[in-house]
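The values are calculated or read from the model by the stated rules, or taken from the named source; none is laboratory data. The structure presented is a predicted model; accordingly, all values stated were derived computationally and were not measured. Quick reminder, even Gly has a Cβ in these numbers, built from the backbone with ideal geometry, and neighbours come from all protein chains shown. Side chains are part of the model used for accessible areas, which takes the heavy atoms of the whole protein and leaves out ligands, DNA and RNA. Shrake-Rupley method; radii C 1.70, N 1.55, O 1.52, S 1.80 Å.
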Amino acid sequence: MRKCIYFAAILLSVVCLCTNEKKAEAYSKDELVEQVKKKTTDKVDQVYYTDYDYDGSQEAFIITTRSEDDQTLWFSSGQEVKKIAASIIWVDKAAQGICQVSPKQKIFVAEGSGGGSGSWSYCCYVKNGRAILVKRAGEWLAHRSGKNFTIHQSAFDAMYDDFGKFYLGHTWKEYYLRWTGTGFVEYEGRKISRKQLEQYKGAGKYLRQAEKLGYRIGKIFYRKNGIINVNVSQKHKKGEDIDYENFNLNVNRKKVSLRICNKKGKNILERSSYHGIYKAKGFPRRCIIPDSMLED
């Protein structure tokens with residue numbers, strides 16, 4: 001009887017070993033892609049293959065294309081194969097795709113659109129071999145370093161039309177997020193006074209440059225990631241219409257330097273402004289991905 005039990009234990013160990021070897025083979029890049037090919041006739045366009053959750057097995061986010069304005073985002077692993085979203089999908093390879101956010105985690109980021117001037121970000125992380133979509137990732141989510149990201153949120157606030165009593169002019173201001181492991185939190189702005197800003201070495205110079213261009217200093221926001229947003233405005237020479245701009249500063253201890261977004265700009269606003277009006281919070285409270293684009 002003992003011999004039978006011993007033999008059965010050995011047999012079970014061999015079976016488990018073979019099963020594990022077979023499971024490991026299923027995590028190859030080609031086989032993960034093949035799993036998606038079995039579920040769609042669309043062309044496999046881009047494959048983002050790595051071990052996202054550091055469990056020893058590789059996973060892949062895969063973008064397939066049916067036409068120029070019809071892509072699908074898939075996830076493929078040894079645990080599941082599923083559609084995540086379908087829309088116009090692309091990846092800014094300089095700041096999206098596979099993002100290393102910690103020594104033990106990578107996430108995937110892509111951009112989606114319905115064809116208009118606005119867009120939304122798809123962000124996914126992997127847990128136990130399964131993909132989880134972050135429903136709140138903003139617009140134009142971009143990886144900067146480690147856990148730090150930026151978004152460029154869409155707004156209509158470049159100008160105030162006094163005749164029509166409304167704001168217009170499409171802007172995309174940069175706001176700042178930190179990855180928590182399962183989602184994002186914003187570096188929210190704290191309003192400070194001009195006097196408080198002028199305590200930083202170099203700040204007065206930038207304030208005077210904006211005023212020399214005919215702009216009035218507005219609300220100023222300090223953020224814990226060491227960035228200060230300074231709103232400025234200017235009334236038109238004729239009428240009461242108002243143009244809104246901003247300039248942005250990097251804080252280094254007690255000094256500030258200009259945060260440049262356009263190296264070819266000729267003055268402080270052309271070099272640093274994202275146009276429009278900065279607010280304390282820019283990260284949308286709710287998901288901006290249309291439900292019609294999601295597969296789950």
Inter-centroid distance (Cα atoms) of region 161-187 relative to region 227-296, Å
8 Å
To the nearest 20 debye, what charge dipole does region 233-296 have about its Cα centre, counting +1 at the Cβ of each Lys and Arg and -1 at the Cβ of each Asp and Glu?
720 debye
When the accessible area of region 205-254 is computed with all protein chains present and a 1.4 Å probe, what percentage of it is carbon and sulfur?
45 percent
I'd like to check one number: the per residue accessible area of the chain, probe 1.4 Å, reported in Å² as a whole number.
57 Å²
Could you give the nm distance between label points at Thr65 and Asp161, where each point is 7 Å from its Cα heading toward the beta carbon?
3.8 nm
Heavy atoms of His236 accessible to a 1.4 Å probe, total area in Å² rounded to 10
60 Å²
Among (i) 1.14; (ii) 0.98; (iii) 0.94, the entry derived from the coordinates for Rg/Rh (Cα atoms, Kirkwood Rh):
(i)
The alpha-carbon center of region 47-62 and that of region 74-90 are separated, in whole Å, by 12 Å
Treating only Lys and Arg (+1) and Asp and Glu (-1) as charged, each at its beta carbon, one finds that region 86-135 has a dipole about its Cα centre, in Debye to the nearest 20, of 320 debye
For Lys82 paired with Ile217, estimate the spin-label separation in nm (one decimal), with each label point 7 Å from Cα along the Cα-to-Cβ line.
5.2 nm
Please give the residues of region 114-129, grouped as numeric ranges, whose backbone N is less than 18 Å from a label point set 7 Å along the Cα-to-Cβ vector of His170.
114-121
Length gained, Asn267-Lys38, 0.36 nm per residue minus C-alpha separation, equals 76.9 nm
Here the FRET efficiency for Lys195 versus Asn225, based on Cβ atoms and R0 = 22 Å and rounded to 0.05, is 0.45
Nothing charged except the Cβ atoms of Lys and Arg (+1) and of Asp and Glu (-1): what's the magnitude of the dipole of the chain about its Cα centre? Round to the nearest 20 debye.
1900 debye
Strictly over 18 Å apart at the Cα level, which of Lys165/Lys279; Lys205/Lys238; Lys219/Lys281; Lys43/Lys83; Lys135/Lys191; Lys205/Lys254 would you flag in this model?
Lys165/Lys279; Lys205/Lys238; Lys135/Lys191
For region 68-208, what's the relative contact order in percent, using C-alpha pairs closer than 8 Å and at least 6 residues apart?
14 percent
Using a 7 Å offset from the Cα along the Cα-to-Cβ direction at both Ala280 and Lys235, what is the distance between the two label points in nm, to one decimal?
2.8 nm
In degrees, nearest ten, helix 2-25 long axis to first principal axis of the chain (Cα):
40 degrees
